[in-house]
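The block underneath contains the structure these notes are about, expressed in structure tokens.
The values are calculated or read from the model by the stated rules, or taken from the named source; none is laboratory data. Treat the numbers as computed from the prediction; the structure is a model and nothing was measured. Here the Cβ positions follow ideal geometry from the backbone for every residue, glycine too, while neighbour counts run over all protein chains shown.
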Amino acid sequence: MTARPNTGPAIRVQGLEKSYGELKVLRGVDFDVAPGSIFALLGSNGAGKTTVVRILATLLKADAGTASVNGFDVATQPSDVRELISLTGQFAAVDEILSGRENLVLIAKLRHLKDPGAIADDLLRRFSLTDAGARRVSTYSGGMRRRLDIAMSLIGNPPVIFLDEPTTGLDPEARLEVWETVKGLAGRGTSVLLTTQTLDEAEQLADRIAILHQGRIIVNGTLAELKQLLPPAEVEYVEKQPTLEDVFLAVVGSKK
């Protein structure tokens, strides 16, 4: 890959368009992702989120517009882009017959990296999977599988990672596990493009949020900026009903 420092956005998308026959999926999408940040692309099913990710990952060609990753054009420099990125899809792509450690070692060997065992052990530690590393993945919970899936995508230390609805099908506890994992990625300097249709996920994780609707970005900003689009909240009197905890403390306290 051609060595070239990137002083601009980790991801830049300008005027992106994509159609399937008469169906216009993307109608001129524009956004930037700052290095080391989490950018959430929020939208309902069919909004075009996965299409954007597939174009950025060089798996799909746009009809119009441009997109770049760390300064490399996804259309004209796809090989360079692929060396910089990793993609985690909506469902964990792990081998259930192998152990967690064996999954990691396999990917490290496929990437021709030195000391794949040490790489696997380091990732198991980082993702709190060391105790489960020798177990078959078929015995893992949903959250553990997703954490392993993300760990596998980090082999080779890609500076940019795409997470396409990473908490799909997970229970609340597993979702929280994945959220902590994603925050940790950005904390280590990885640029993250996260697609989601879950409002609280975007609110909890993203430095910036763009809402994709009917193939267009309709708003793009920080959570604070988006909240300013709404009128000021009105203060209303709401009668607070006592909770069972209030009752318990009051009754116990009266007996002392």
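Conditions first: (1) aliphatic (A, V, I, L, M); (2) exposed (fewer than 14 other Cβ atoms within 10 Å of the Cβ); (3) touching a residue at least 60 places away in the same chain (Cβ under 8 Å). Residue 38 passes all but one, so which condition is the exception?
Failed condition: (2).
Which residue, of 48, 8, is buried (at least 22 other Cβ atoms within 10 Å of the Cβ), modelled with pLDDT under 95 and not aromatic (Phe, Trp, Tyr)? Break it down stepwise before answering.
Numbers: 8 fails: buried (at least 22 other Cβ atoms within 10 Å of the Cβ).
48 is the lone residue from the list that is buried (at least 22 other Cβ atoms within 10 Å of the Cβ), modelled with pLDDT under 95 and not aromatic (Phe, Trp, Tyr).
For region 57-66, indicate whether the set of residues that are surrounded by 14 or more Cβ atoms within 10 Å (Cβ to Cβ), β-branched (Val, Ile, Thr) and farther than 28 Å from residue 170 by Cα is non-empty.
Yes: one or more hits.
Going through 134, 120 one at a time, which residue ends up being assigned to a loop (DSSP other than H, G, I, E, B), modelled with pLDDT of 90 or more, out of contact with any Cys (no Cβ under 8 Å at 6 or more places or on another chain) and of a type in the set (A, V, I, L, M)?
134
For residue 87, are the conditions met, namely being closer than 20 Å to residue 166 by Cβ, within 15 Å of the chain's Cα centre (by Cα) and modelled with pLDDT of 95 or more?
Working: closer than 20 Å to residue 166 by Cβ: yes; within 15 Å of the chain's Cα centre (by Cα): yes; modelled with pLDDT of 95 or more: no.
No: the conditions fail for residue 87.
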